[in-house]
Amino acid sequence: SVTSISRNAVNGCNNLNTLTVPFVGSGSGSYSHFGYIFGASSYSSNSSYVPSSLSTVIITGGSEIGDYAFYGCEYIRSIALSQNTAYIGDYAFNGCSSLGEIAIPQGVTSIGQYAFSGCNAEIVWEGTPQINDIGSYAFAGYLGTGLEIPSSVTSISRNAVNGCNNLNTLT
């Protein structure tokens with residue numbers, strides 16, 4: 001039932017291993033990045049505010065993962081997205097180099113630019129993907145070894161897989 005989470009809401013919770021939240025920001029506003037609830041004033045400070053002990057984030061609601069949401073959250077190893085997620089914003093998981101796997105819910109229709117750039121997670125598509133659009137550089141510098149683009153995709157922007165030097169398979 002929570003509709004708003006203020007800045008600093010969990011500031012100082014430096015021993016968290018798992019955090020369950022009803023949503024993670026939206027759009028590109030100053031509160032759309034995950035670090036905001038830890039006290040970060042901008043997405044570029046996420047890595048300084050989100051505790052390195054935090055390995056798992058569970059998102060139970062919300063329809064989008066906002067721009068820069070987890071930008072630079074290099075220590076988080078697992079993020080479970082809400083089944084209601086329809087949009088993954090620009091730079092959403094950029095620099096999440098410790099992510100092991102991320103399941104993209106069936107209802108996601110669009111992935112923003114640089115969304116998974118510099119990310120190590122194995123991308124797993126749940127159910128029958130409905131994704132249509134993949135933004136420019138969406139997977140640029142992706143650190144994973146395999147990547148599958150679902151057949152539902154109708155638009156892949158330029159350089160979507162630029163610099164994916166670890167890829168062994170691309171479908």
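The values are calculated or read from the model by the stated rules, or taken from the named source; none is laboratory data. Given the structure is predicted, the values throughout are model-derived calculations rather than measurements. Positions of Cβ are generated from backbone atoms using ideal geometry, with glycine treated the same way; all protein chains shown enter the neighbour counts. Accessible surface areas use protein heavy atoms only, side chains included; no ligands, DNA or RNA. Shrake-Rupley method; radii C 1.70, N 1.55, O 1.52, S 1.80 Å.
For ASP90, nonlocal amide neighbours, meaning residues 5 or more places apart or on other chains whose placed amide H falls under 5 Å from its own, are ASP67, TYR68, GLY112, GLN113.
Our coupling estimate for the range 13-24, obtained by passing each phi through the Karplus curve with A = 6.51, B = -1.76, C = 1.60 and θ = phi - 60°, is 7, 7, 10, 4, 9, 10, 9, 10, 10, x, 6, 10 Hz, Gly and Pro reported as x. On the basis of the beta-carbon distance and an R0 of 25 Å, ASN84 and SER44 show a calculated FRET efficiency of 0.35. The residues of the chain expose on average 45 square angstrom of accessible surface per residue, using a 1.4 Å probe on protein heavy atoms. With semi-axes √(5λ) of the Cα gyration tensor in Å defined as stated, name the option among (1) 54, 15, 13; (2) 45, 15, 13; (3) 25, 17, 14 computed from the structure displayed. Matching the structure shown: (3). The relative contact order of the chain, computed from alpha carbon pairs under 8 Å that lie at least 6 residues apart in sequence, is 14 percent.
For SER4 and SER97, the FRET efficiency from 1/(1 + (r/R0)^6), where r spans their Cβ atoms and R0 equals 30 Å, is about 0.50. Surface composition of the chain: carbon plus sulfur atoms hold 42% of the accessible area, using a 1.4 angstrom probe and ignoring ligands, DNA and RNA.
Here's the picture: charge each Lys and Arg Cβ at +1 and each Asp and Glu Cβ at -1 in the chain, and of LEU170, SER110, LEU54 the one pushed furthest to the positive end of that dipole is LEU54. Note on the range 1-91: the C-alpha convex hull projects to 5.0 nm² when averaged across all orientations. Candidates ALA80, ASN8, PRO150 compared by Cα position along the dipole of the chain: farthest toward the positive end lies ASN8, with charges placed on Cβ.
Across the chain, the longest piece that holds none of the GluC sites (Glu not before Pro) lying in DSSP loops with up to 13 other C-beta atoms within 10 Å covers 1-125.
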